[in-house]
Amino acid sequence: MKTFLVFVLILISGISTPGDKILVNATADQIVEKIAEFKNEKPVLVNFWATWCAPCIEEFPYLMKLNKEYEGQFKLIFVSGDFEEAREEAIAFLKKQGVDFETYFKVGKDNEFITTISNEWTGALPFTIVYNKKGDVSAAWEGKAEFETFESELLNVINED
Amino acid sequence: MKKSNKLILSLSAVMILAAFTQITTVDALKIGDKAPQTTLEIEDTSGRSLTLAGVAGDNGLLVMFTCNTCPWVAKWEDRYNGLAALAGTNSIGMIALNPNERIRDRGESMEDMKRRAQKQNYSFPYALDENHKLADAFGATRTPEIFLFDSNMKLVYHGAIDDNADDANTVEATYAEDAIRQLVAGTGVSQQETKSLGCTIKRTE
């Protein structure tokens with residue numbers, strides 16, 4: 001029994017990604033650098049969300065589903081705009097959604113952050129921006145989108161020559 | 001039905017769906033634009049029928065899009081009355097508008113607004129923006145979001161209240177206050193537009 005429990009504990013610690021690895025502090029400049037890493041390699045979809053934002057929570061699973069369906073064909077980047085006090089809640093949500101990759105936690109003043117990311121963004125959440133392989137913005141929008149919209153915008157850039 | 005026909009139909013359905021789900025962007029007022037819909041009648045939480053023109057003071061008008069359910073509003077709300085007091089002493093009228101039509105039955109009804117205004121001791125009118133007519137005319141996208149107009153009802157500042165929703169005590173840039181003071185001093189508003197995170201306005205589809 002004891003051996004079994006130890007085995008289960010090892011298994012759990014092995015599959016559970018620590019919170020500080022899936023939600024990493026990032027300034028707007030660091031997000032921009034991260035996006036640029038995939039230039040000429042693959043399209044990138046960046047989604048800005050927060051735990052308190054109902055439309056963000058509703059659309060989040062669509063992106064996770066697309067990330068699985070089009071695995072390797074695009075890079076999915078999540079950026080949380082949560083307040084510091086909600087960091088643990090954000091980590092718990094990410095884990096519940098099955099996120100096992102690095103995502104980001106907004107650091108810095110809103111005005112500078114938003115302006116650095118995109119002129120298309122007024123600050124409303126959720127905000128999504130899609131880059132093609134060349135690193136150009138293909139689409140950007142505020143507010144919740146349906147699964148079909150995300151998929152259609154992604155296919156546009158995945159299938160681009 | 002042939003396989004190829006089925007494929008064409010499916011593709012057409014996806015294209016139509018994509019066209020209908022395409023998200024439209026709202027064009028916001030630009031600095032210098034006149035305040036729109038100033039004679040539209042709106043009802044506030046005290047039951048009064050108001051217009052933007054009627055609320056405006058001798059030196060201008062401060063319009064704030066806000067709501068009852070947004071955590072960013074809750075964070076910034078402790079600065080609302082101070083802003084209203086500053087506007088008032090400078091002969092600038094202030095009004096808060098709730099444009100969240102899609103979720104009127106989920107915390108954004110007039111009754112909810114009345115409770116909010118009472119609980120938070122709002123010292124300014126809080127009116128329901130029916131069918132987000134004013135939010136659409138202004139091109140507002142989020143709550144809270146501020147528009148400041150001068151005595152000619154021309155836009156002189158648009159954006160955030162200040163640079164720190166989380167803590168009023170550690171604010172470094174008091175954008176809206178500065179804009180009011182500069183407007184009244186006649187020096188011109190130094191930072192005319194700012195951006196801040198906020199909740200999307202819940203428009204009807």
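The values are calculated or read from the model by the stated rules, or taken from the named source; none is laboratory data. Keep in mind that what you see is a predicted model, and the values were worked out from it rather than measured. Don't worry about glycine lacking a Cβ; one is built from the backbone with ideal geometry, like all the others, and counts go over all protein chains shown.
Odds and ends about this structure:
- Residue ID - nearest to residue B:50 (Cα to Cα), chosen from residues in region B:103-134 that are assigned to a helix (DSSP H, G or I) and among the polar types (S, T, N, Q): B:131
- Lone unmet requirement of (1) on the phi > 0 side of the Ramachandran plot; (2) modelled with pLDDT under 95 for residue B:47: (2)
- Qualifying residues in region B:175-203 (those that are surrounded by 15 or more Cβ atoms within 10 Å (Cβ to Cβ) and more than 18 Å from the chain's Cα centre (by Cα)) - the one nearest to residue A:119 (Cα to Cα): B:189
- Within the set B:72, B:76, the sole residue that is touching a Gly at 6+ places or on another chain (Cβ under 6 Å) and in a helix (DSSP H, G or I) turns out to be B:72.
- Boolean, residue B:85 is outside any strand (DSSP E or B) and either buried (at least 23 other Cβ atoms within 10 Å of the Cβ) or within 17 Å of the chain's Cα centre (by Cα) (or both): no
- All positions within region A:121-147 that are over 18 Å from the mean Cα position of the chain (by Cα) and among the acidic types (Asp, Glu): A:136
- Pairs where the first residue, in region A:97-123, is facing another protein chain (nearest Cβ under 10 Å) and the second is of a type in the set (Asp, Glu), C-beta under 6 Å, 6+ apart: A:109/B:163
- Across region A:43-63, the number of residues qualifying as surrounded by 16 or more Cβ atoms within 10 Å (Cβ to Cβ) and away from chain B (no Cβ under 14 Å) comes to 6.
- First in region A:127-156 and touching a residue at least 40 places away in the same chain (Cβ under 8 Å), second anywhere and basic (Lys, Arg), Cβ under 6 Å, 6 or more apart: A:135/A:39
- Per-region count, region B:122-157, residues crowded, with 20+ Cβ neighbours inside 10 Å, more than 10 Å from every other protein chain (Cβ to nearest Cβ), more than 19 Å from residue B:44 (Cα to Cα) and of a type in the set (Ser, Thr, Tyr): 1
- Matching residues in region B:35-76 - criterion: being touching a residue at least 60 places away in the same chain (Cβ under 8 Å) and within 14 Å of another protein chain (Cβ to nearest Cβ): B:65, B:66, B:67, B:69, B:70, B:71, B:72, B:73, B:75, B:76
- Among the residues listed as B:137, B:176, B:165, the single one being modelled with pLDDT of 95 or more and part of a loop (DSSP other than H, G, I, E, B): B:165
- A count restricted to region B:181-203 and to residues that are away from chain A (no Cβ under 13 Å) and either out of contact with any strand residue (DSSP E or B) (no Cβ under 6 Å at 6 or more places or on another chain) or of a type in the set (S, T, N, Q) (or both) stands at 8.
- Scan of region A:129-161 for residues that are among the β-branched types (Val, Ile, Thr) and at the interface with another protein chain (Cβ under 10 Å from one of its Cβ atoms), ordered by number: A:149
- Any chance residue B:96 is crowded, with 19+ Cβ neighbours inside 10 Å and in a strand (DSSP E or B): yes
- Considering B:168, B:160, the condition of being touching a helix residue (DSSP H, G or I) at 6+ places or on another chain (Cβ under 7 Å) and either within 10 Å of chain A (Cβ to nearest Cβ) or of a type in the set (S, T, N, Q) (or both) is satisfied by B:160 alone.
- Selection status of residue A:106, surrounded by 15 or more Cβ atoms within 10 Å (Cβ to Cβ), among the basic types (Lys, Arg) and under 15 Å from the mean Cα position of the chain (by Cα): yes
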